[in-house]
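A.B. asks: Once you've had a glance at the structure underneath, I'll fire off some questions.
Please treat every number below as a calculation from the coordinates, not as lab data. From a predicted model like this one, the values you see are computed outputs, not experimental measurements. Glycine gets a Cβ as well: all are built from the backbone with ideal geometry, and neighbour counts include every protein chain shown.
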C-alpha cells in the first residue's frame, strides 16, 4: 500500500480538517437556516445535534482511518467484511458529489473574476441579480444542452487544475495549501464583518440573528435542518475523515482535535452569518436572508453588493473580497473530497496514490461537463438533492450500523482515546450516539425526505418544471448507481487473479506501522504479495 506522507504537525491536520468542514454551506446555507428557523432557536438545536451526533461520528471516522492507515474502504472492511458495500457506496457518492461541487467552485471563481462588473451597476439590483445567470447562460430548466458558454468551461478547467495542484502530493501538498486557504477566508470574513458593523441597521440584524424564537423549537422542520446541517458541515460519511485520519500518528489526541474541528466549523458558520446579516441589513434586504444556497450567493448578495455605497469602485472591491472568500472556502472542500476518494481506493487496492489521484480528477472532470451547459444549474439542483438528501443520509445510517452493530464501537473508542491522559471521550456518550442516537436521527431524516419526495408525486422538482426524464436519469439514476455500485463492488466483484487482503481490527493491534503499510494485493495462485 502506497500512501502520500503524514501530516507534518498537529496544526496542519486541524487546518486540513477545518478546511474540509468549512465550505460553501457555512457561508450561504447556515445563515439562511438561521433566518428561516428563528435565529438563536436554530443555533440551539444545531449545538445539540453537534454534540450528540456530529462530534462522535467525526471521532469515529478519524480513529478508524488512523488505526488502519487507510481510507474508508480499508477502514470499514477491517471491522467486518460485510461492511464493504457501505464503504463502496460512501466512496462512490463522494466521487459524484465532487463532480458538481467543483463546478460550483468554478462559478465562484468566475464571479470573483467578473466582480469588476459591479462597478458599473451601482444601485441597479436587477442587473446585479441577473449577472451570474447571464454568464452561465442558464435556461432555468433541463433544455439548455446545446448552450456551452466558453467562460464556464474555462473556469471549470481552471477549477480542476487548482484542485489537482492542491492534492498532487497527498498530505504534503495539502499541508502547504491549507495554511493559506483556511486562515485566508477567516481574515476576509473578519474584514467584512467589521465593515458590516459600520452599516445601518446593525442592531436589528444582530437581533434577528441571535435572539431566539423559542416557539420554533416545536417545528420538526427546524430539527430536521439542524441535524442535516451538522451532518453535511463536518465532512463525515464522504470518505474524507478516514483519509485525513490515515495521515495521523498515534500521539494525536483525536478526542480533543475533533472538538476543536467542530467548534472551529461552528465559529466560521457564525462569523459568515454575521457578515451576511449585517451586509443585508445595511442595504435593507434582511428579509431575503430566509433564502439559502445558490440564490443567496449568486442572486441576492450581488444585489446587496451594488447597494452598499454610491461608489461603484468600492462596491466592486467589496464584491471581489466576498467571492475571493468563497473561493478559498470552496477549494478546501473540493480537494478534500478528491483526497478521500483517492486514499480510499489506493489504500484498499495497494495502488500508487498519485496515479489514482490523476485518474480520479480526470474522470470527475469529464463527468462535470454535464453541469457546464445551459441546463447545468437545473441538473446540479436535481443531483444535489438526491445525493445529499437521500444517499448521504442512508449511508450515514448504514455506517453507524457497520461500526456499532456489525462491529464494536467500544473498540473504536479505545483508538479515539489512545495515548492520552487529558480529555477523553466518555464511553456512554460515544457508544450511545453511534449505536442509537445517530442512526435513529438520520433514519428519521431519511424517512421524512422520502415522504416529502413521494408526496410531491415521486418526482423531485416537479413544481420547478424539471422534466420526468431528467429526474429519472440524474436523480434516481445517480442515486441507484451509487447504492448499486456499493452492492456490486462489495459483494459480487472479485478480481480473477488477485484478492485484496485486509487485516482485521484485532490483527492490526499486533502489526507494526510497516506491516500495516504492506501490499494488500495477494496473488490467488501463488499466495505472494503483488507489488504495484
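A.B. asks: Order of 69, 385, 37 from fewest to most other C-beta atoms within 10 Å?
C.D. replies: Lowest count first: 385, 69, 37.
A.B. asks: Right, next: Enter the Cα centre distance for the pair region 265-340 and region 47-64, rounded to the nearest angstrom.
C.D. replies: Spelled out, the Cα-based centre of one part sits 28 Å from the other.
A.B. asks: Ok, one more. Need the full-extension length gain, residue 454 to residue 119, defined as separation in residues times 0.36 nm minus the C-alpha distance. One decimal, nm.
C.D. replies: Full extension of this stretch gives 116.0 nm more.
A.B. asks: Over what distance in Å are the Cα centres of region 86-120 and region 17-43 separated?
C.D. replies: Using only Cα atoms, the two centres lie 18 Å from each other.
A.B. asks: Here's a follow-up. Once you place label points 7 Å from the Cα toward the Cβ at residue 473 and residue 11, how far apart are they in nm?
C.D. replies: With each label point 7 Å from Cα toward Cβ, the separation is 5.0 nm.
A.B. asks: In addition: Determine the calculated [θ] at 222 nm for the chain from helices alone, applying -39500 (n - 2.57) to every DSSP H run no shorter than 4 residues and normalising by the residue count; nearest 500 deg cm²/dmol.
C.D. replies: -19500 deg cm²/dmol
A.B. asks: Next question, about the same structure. Rounded if a/c is under 1.5, else prolate if a/b is larger than b/c, else oblate: which is region 126-277, with a ≥ b ≥ c the root eigenvalues of its Cα gyration tensor?
C.D. replies: Oblate, since a/c reaches 1.5 and b/c is not below a/b.
A.B. asks: Also: Ranked from highest to lowest mean number of other Cβ atoms within 10 Å per residue, what is the order of the peptides 366-377, 223-234, 139-150?
C.D. replies: Packing order, densest peptide first, comes out as 223-234, 366-377, 139-150.
A.B. asks: What translational diffusion coefficient, in µm²/s and rounded to a whole number, does the Stokes-Einstein relation yield for region 327-368 at 20 °C and a viscosity of 1.002 mPa s, taking the hydrodynamic radius as the Kirkwood radius over Cα pairs?
C.D. replies: For the chosen part, D equals 201 µm²/s.
A.B. asks: On a C-alpha basis, how far is the centre of region 150-165 from the centre of region 368-403 in Å? Whole number, if you could?
C.D. replies: Spelled out, the Cα-based centre of one part sits 21 Å from the other.
A.B. asks: Tell me, what is the FRET efficiency for residue 509 and residue 191 to the nearest 0.05, using R0 = 56 angstrom and their Cβ-Cβ distance as r?
C.D. replies: With a Förster radius of 56 Å, E is 0.70.
A.B. asks: Could you work out the Kirkwood radius for the chain, taking every pair of different alpha carbons, averaging 1/r and inverting it, reported in Å?
C.D. replies: One over the average 1/r among Cα pairs gives 23.6 Å for the chain.
A.B. asks: Going by how many other beta carbons lie within 10 Å of each one, how would you line up 415, 507, 137, fewest first?
C.D. replies: Fewest-to-most ranking of 415, 507, 137: 507, 137, 415.
A.B. asks: Among 53, 59, what is the fewest-to-most ranking by other Cβ atoms within 10 Å?
C.D. replies: By the 10 Å Cβ count, ascending: 53, 59.
A.B. asks: Go ahead and run the numbers for FRET between residue 81 and residue 145, Cβ-Cβ distance against an R0 of 45 Å, rounding to 0.05.
C.D. replies: 0.55
A.B. asks: Return a whole-number percent for the relative contact order of the chain, with Cα pairs under 8 Å and 6 or more residues apart as the contact set.
C.D. replies: 33 percent
A.B. asks: Subtracting the Cα-Cα distance from 0.36 nm times the residue separation, let me have the gained length for residue 436 to residue 214 in nm, one decimal.
C.D. replies: 77.2 nm
A.B. asks: Rg and Dmax in Å for region 35-93, alpha carbons only: what are they?
C.D. replies: When restricted to Cα atoms, region 35-93 yields Rg and Dmax of 15.9, 45 Å.
A.B. asks: What is the gain in length, in nm to one decimal, between residue 480 and residue 309 on full extension, counting 0.36 nm per residue of separation less the C-alpha to C-alpha distance?
C.D. replies: 56.6 nm
A.B. asks: Go ahead and run the numbers for FRET between residue 256 and residue 169, Cβ-Cβ distance against an R0 of 25 Å, rounding to 0.05.
C.D. replies: 0.35
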